[in-house]
1. Going through region 123-156 one residue at a time, which ones are without any contact (Cβ under 8 Å) to a residue 40 or more places away in the chain, in a helix (DSSP H, G or I) and out of contact with any helix residue (DSSP H, G or I) (no Cβ under 7 Å at 6 or more places or on another chain)?
2. Would you call residue 227 surrounded by 24 or more Cβ atoms within 10 Å (Cβ to Cβ) and either at pLDDT below 90 or in contact with a helix residue (DSSP H, G or I) (Cβ under 7 Å, 6 or more places away or on another chain) (or both)?
3. Could you tell me how many of the residues in region 30-61 are modelled with pLDDT under 85 and either under 24 Å from the mean Cα position of the chain (by Cα) or in a helix (DSSP H, G or I) (or both)?
4. For region 226-245: of the residues being in a helix (DSSP H, G or I) and free of Cβ contacts under 8 Å to residues at least 24 places away in the same chain, which is nearest to residue 169 (Cα to Cα)?
5. Confirm whether residue 179 is surrounded by 19 or more Cβ atoms within 10 Å (Cβ to Cβ) and free of Cβ contacts under 8 Å to residues at least 24 places away in the same chain.
6. For region 181-213, which positions are under 22 Å from residue 314 (Cα atoms) and not in a helix (DSSP H, G or I)?
7. Are there any helices (runs of 4 or more DSSP H) wholly within region 246-359 with 3 or more residues that are modelled with pLDDT of 90 or more and within 30 Å of residue 185 (Cα to Cα), and if so which?
């Protein structure tokens, strides 16, 4: 079933993306190279998120494990989760489509993010209830739980939107995250969440065939918002998963530390860029070239080398979070955070060579 979820979304995206590229070019739904922030040199379609959305939702709905493999209670939970996930993903997907085609004011997008986050937290009860031992915190008051959960969803959604600045970066990091979550849920015995994760993973790896540098199509906001919302649901569900039902080594791995390691790059880059913009006195939503991937490009790496390096760091930190399964959660959190801080700050400590005159 999980293999079928992966293959179904892969086939949908892989087969239909060439047609989407043709349609986008015929209707002039392209991103024109026009300012210093943009790395592409030719008009490129921006509506690739349509196929990511369609492939993921189609595969998950088709192979949703609400059958004899589940008891009545689990089946009800699976259908309830699917109902709220599909409803909120549809909203953000269309917000993204509008932005890709005619543009949307940042404040309007933020209001949409807040709205879907409130639906997931208040109606679906998909929320963080504690830190599971990090810094000695196990449970939070309900008001804190609601606030932090809404904030977490908004941050993750925006994080994937912000890292979509280099060919293959958001899709690749999304694939790594969804695969890591999918495997975790599989070994933990939750086939519903695993199917959702692998449906997204299949769509993203297929999309990378067309989005890896030099990209033939971009995912746009319709894609990055879809990825961010699904990943945020998977992340919260994983953190709050009942450890008593786990019989593998995963029972010893700190769930919050694992999730943070999986999402470390988009979260770290978002936090850094928001602090940087705030200190500079500009809007946190203002576009610039101060992301980690921009710095790596300025140091001389091409787009392929940049994304492969960031993929590698992300995977290494996930592995480290698992290897620290015997370590106190607070210490594991600090270790992962410190390694990430060092790895992602090194590019900013390296001096960029001045270009030779005439170049």
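The values are calculated or read from the model by the stated rules, or taken from the named source; none is laboratory data. This structure is a prediction, so every number in the text was calculated from the model and none was measured. Here the Cβ is made from the backbone with ideal geometry for all residues, glycine too, and neighbour counts use every protein chain on show.
1. 142, 143, 144, 145, 147, 148, 151
2. Judged against the criteria, residue 227 is a match.
3. Adding up the residues that qualify gives 6.
4. Among them, the one singled out is 243.
5. Answer is yes for this residue.
6. Residues satisfying the conditions are 212, 213.
7. 255-262, 264-280, 303-323, 329-349
Rundown of residues vs (1) at pLDDT below 90; (2) loosely packed, with under 14 Cβ neighbours inside 10 Å; (3) on the phi < 0 side of the Ramachandran plot; (4) under 21 Å from the mean Cα position of the chain (by Cα), yes/no style:
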position: 96; (1), (2), (3), (4): no, no, yes, yes
position: 102; (1), (2), (3), (4): yes, yes, yes, no
position: 105; (1), (2), (3), (4): yes, yes, yes, no
position: 121; (1), (2), (3), (4): no, no, yes, yes
position: 143; (1), (2), (3), (4): no, yes, yes, no
